[in-house]
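What follows is one structure encoded as structure tokens, with my remarks underneath.
The values are calculated or read from the model by the stated rules, or taken from the named source; none is laboratory data. Keep in mind that what you see is a predicted model, and the values were worked out from it rather than measured. Cβ coordinates were reconstructed from backbone atoms using ideal geometry, including for glycine residues, and neighbour counts include every protein chain displayed. Note: accessible area is taken over every heavy atom of the protein model, side chains too, but ligands, DNA and RNA are not part of it. Shrake-Rupley method; radii C 1.70, N 1.55, O 1.52, S 1.80 Å.
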Amino acid sequence: LDQRIRQRVREQVDKNQQEYYLKEQLRAIQKELGQDIASEAQELRDRVAAKGMPSDVEAKVLKEVTKLERMPANNAEVGVLRNYIDWMLTLPWKDRTEDHLDTREVERVLNEDHYGLVKVKDRIVDFLAVRQLRAMQAHKQVVAEGEAETSEEAQRARTRAINRGPILCLIGPPGVGKTSLGESIARAMGRKFVRISLGGVHDEAEIRGHRRTYVGALPGRIVRALKEAGTKNPVIMLDEIDKVGSDWRGDPSAALLEVLDPAQNSTFRDHYLEVDLDLSEVLFIPTANVWETIPAPLLDRMELIKLDGYTSDEKLAIARDHLLPRQTELAGLREGEMTVESDAVLDIIGGYTREAGVRGLERELGKLARKVATGFAKGTATPPVTVTRGEVRTYLGRPRFDDEVAARTAVPGVATGLAVTGTGGDVLFIEAAAASDNGDLLLTGQLGDVMKESAQIALSYVRSHAAELGITAEAAGRGFHIHVPEGAVPKDGPSAGVTMTTAIVSLLTGRAVRGTVGMTGEVTLQGLVLPIGGVKQKVLAAHRMGLREVVLPRRNEKDIDDVPESVRSQMLFHFAGSVPEVLAAALDPAEAEHKAA
């Protein structure tokens, strides 16, 4: 028995020595090949301990490190594990920047970077002032409680209380300064700034990430933005949130609900990371061109701040303070070598760029600066050069826009309407013509369903009130053709109702629409004029086109306060509650008196 036991012990010792010897050989070979898993695993454990992860996250990462250590070096899953651990180690679990929430400094930065936008900047200052007060209250609470509430969970709760607030969504046409406003907010707060473009995103995994079982799996864009920022409290701009799509791969807007909801984003879970990620300290700023295409549940979680565009005076100040210096530098010109007179800039604004923002204006000023730089390079001009209003055409060619409203509305049957598009306010010319005797209505110009219904309502109103409008029943019973030019551009919305009604009445009465008048409003079968949206954008578009009178629904009178004083003082507003009031303000009375005589 004793001999048998000794034999077993000797065999076990020999086996253990053999395994130890082979492991040491394997470790030596791996070290020579640079694949020392054991030392790599220990290094990873040290990095995990120094990273300051939450306890549950740290436990999961250490579990993955242990799995990596036990796995043979030639296993295909080693690369997947290494990538996962590297991602977890590069994320900013505790790294943050200290907020500078001095409201006076915020106002200074916003005014330095942006001209105008008074209400927008006031709302941003209010938003940051509330955060400042919350931070002060949280600090007083910590001082009062002393060491009693120093746990990690208590600190997280205070941080969430400070950062909880509405999600500000900047809505406006291109070129009005949405992205630069986000950069200014980040600079004023002392935070890192990251921009995520959501335009055309159809895959939900772009937000939530891919499962690690997929080949080439990666975390979502939110996690990648945090890695790029290097802090857990950056300012992340979600650009073009109105252009998020959905298909069989999922709905990204549904994934964004968790990202933007302050009650949920403290436990955001990425499919790749498979741990809770705290996004409560991130300041998200979505942007969009129009709010109508934003999904309703997502829209419910955001507060809309509208940037409707700039007046000519504001564009002049922006060109003088920001655009011209930047384009002069890009053209290789030194300060003082090129000066552009204010009249010349206004001529460019009116004749070459009719837009809500300033992007096109910056392109034209860049072209002007390049032409001057070319003259210096060829030796045909010497600095300094002053560009006057009369020389703009020499540098930029013929103007692209002219005063077309008067020419288009000179004949009866054409009315000038105001609309809001993705690029800001715009002017639409609606034309009506008598087409046939069968009473049919023909509509052209790529009109949407709502706009087609507005045309049918307008015609029905005219036919049912023909006697009141001074129109014979025979004339009103004819067929009509209504066309909205620029047929390649899709158009929709109810606010063209009064314009279509005015065009039909103008055609049948022979009274032309006055060339200085633009109009907007929804019309009913009883002839009531209902309120519409986008008043400021439409009035600014009318002002850019040279119109001096605007017919608006009576219930939109309160929205006139949003229009800058410099524009209001140059415009005459007619507030109408019914179609006869619109016709009285829009149609040329001289034609009616001449016809009656």
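Output the strands (runs of 3 or more DSSP E) that fall wholly within segment 366-481 and possess 2 or more residues being open to solvent by less than 50 Å² (accessible area, probe 1.4 Å), in contact (Cβ under 8 Å) with a residue 24 or more places away in the chain and more than 30 Å from ARG320 (Cβ to Cβ), or say none.
On the way: elements: 385-387, 414-421, 424-436, 441-444.
Strands (runs of 3 or more DSSP E) meeting the threshold: 414-421, 424-436, 441-444.
Could you go through segment 333-350 and let me know if any residue there is assigned to a helix (DSSP H, G or I), under 28 Å from ILE285 (Cα atoms) and aliphatic (A, V, I, L, M).
No, every residue in segment 333-350 fails to be assigned to a helix (DSSP H, G or I), under 28 Å from ILE285 (Cα atoms) and aliphatic (A, V, I, L, M).
Examine segment 503-515 for a residue that is within 18 Å of LEU572 (Cα to Cα), crowded, with 24+ Cβ neighbours inside 10 Å and in contact (Cβ under 8 Å) with a residue 40 or more places away in the chain, and state whether such a residue exists.
Yes, because at least one residue in segment 503-515 is within 18 Å of LEU572 (Cα to Cα), crowded, with 24+ Cβ neighbours inside 10 Å and in contact (Cβ under 8 Å) with a residue 40 or more places away in the chain.
Return the residues of segment 52-69 that are assigned to a loop (DSSP other than H, G, I, E, B) and either under 11 Å from VAL275 (Cα atoms) or at pLDDT 85 or above (or both); say none if nothing qualifies.
MET53, PRO54
Would you check which residues across segment 298-335 are open to solvent by 50 Å² or more (accessible area, probe 1.4 Å), over 30 Å from VAL427 (Cα atoms) and not charged (D, E, K, R) and list them?
Result: PRO325, LEU330, GLY332.
Return the only residue of VAL450, VAL405, VAL372 being over 31 Å from the mean Cα position of the chain (by Cα), at pLDDT 90 or above and β-branched (Val, Ile, Thr). Let's see the steps before the verdict.
On the way: VAL450 fails: over 31 Å from the mean Cα position of the chain (by Cα); VAL405 fails: at pLDDT 90 or above.
When all the criteria are applied, what remains is VAL372.
Does GLY351 satisfy the condition of being among the small types (Gly, Ala, Ser) and open to solvent by less than 20 Å² (accessible area, probe 1.4 Å)?
Working: among the small types (Gly, Ala, Ser): yes; open to solvent by less than 20 Å² (accessible area, probe 1.4 Å): yes.
Yes: the conditions hold for GLY351.
Does segment 288-297 hold any residues that are over 17 Å from THR421 (Cβ atoms) and either surrounded by 15 or more Cβ atoms within 10 Å (Cβ to Cβ) or touching a Ser or Thr at 6+ places or on another chain (Cβ under 6 Å) (or both), and which are they? Spell out how you get there, then give the answer.
Taking segment 288-297 and keeping what is over 17 Å from THR421 (Cβ atoms), we get 295-297.
Within segment 288-297, PRO295 is the sole residue that qualifies.
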